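Written below as structure tokens is the structure these notes are about.
The values are calculated or read from the model by the stated rules, or taken from the named source; none is laboratory data. Just so it is clear, the structure is predicted and the values come from calculations on it, not from any experiment. Here the Cβ positions follow ideal geometry from the backbone for every residue, glycine too, while neighbour counts run over all protein chains shown.
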Amino acid sequence: MPTTNTSGRRKTAVARIYLSEGNGAITVNGKDYKEYFPTLPLQYIVMQSTEVSGSAGKFDVKVNVAGGGVKGQAEAVRLAIAKAIVELDPEKKPALRAKGLMTRDDRMVERKKPGRKKARKKFQFSKR
């Protein structure tokens, strides 16, 4: 089986993955995914695509991820893995779509406006 490469994005994080047949090893930026994402919720997010599609332990995944924070990176990896699984086996797409794993979450940080402290917060108002 050839190697499949896809990418996933979330906020400002971009994950590029190389998925090939193997025994389930996931390497993120040269480290094991459990070392790169030390908390259980983040590890669950990364593994969600393989578990929903029933592909856990069937593929080796090599990930290069950059930008954003750890949560955004984990969700970018999840989307990239889901896209790669569908590229190899289109029959798994309905199960992944039903769990919302095929959709790129397009929510971004709202920009700061002039005359305000943050995007929506105003400066303190002084009546006198």
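Restricting to the range 90-99, count the residues that are surrounded by 13 or more Cβ atoms within 10 Å (Cβ to Cβ) and either free of Cβ contacts under 8 Å to residues at least 40 places away in the same chain or touching a strand residue (DSSP E or B) at 6+ places or on another chain (Cβ under 9 Å) (or both). Total satisfying the criteria: 3. Just one of (1) more than 17 Å from the chain's Cα centre (by Cα); (2) under 25 Å from LYS71 (Cβ atoms); (3) among the basic types (Lys, Arg) fails for ARG104. It is (1).
To keep it simple, each residue is scored yes or no on (1) closer than 21 Å to ASP106 by Cβ; (2) at pLDDT below 95; (3) among the acidic types (Asp, Glu); (4) in contact with a Gly (Cβ under 9 Å, 6 or more places away or on another chain).
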site	(1), (2), (3), (4)
SER7	yes, no, no, no
ALA13	yes, no, no, yes
LYS58	no, yes, no, yes
LYS71	yes, no, no, no
ALA76	yes, no, no, yes
ALA80	yes, no, no, yes
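With respect to the conditions (1) exposed (fewer than 12 other Cβ atoms within 10 Å of the Cβ); (2) in contact with a helix residue (DSSP H, G or I) (Cβ under 9 Å, 6 or more places away or on another chain), ALA82 falls short on a single one, namely (1).
Within the range 103-117, the set of residues being exposed (fewer than 10 other Cβ atoms within 10 Å of the Cβ) and either on the phi > 0 side of the Ramachandran plot or without any contact (Cβ under 8 Å) to a residue 24 or more places away in the chain (or both) comprises ASP106, GLU110, ARG111, PRO114, GLY115. Residues of the range 1-56 that are among the hydrophobic types (A, V, I, L, M, F, W, C), under 17 Å from LYS92 (Cα atoms) and crowded, with 16+ Cβ neighbours inside 10 Å: LEU19, MET47, VAL52.
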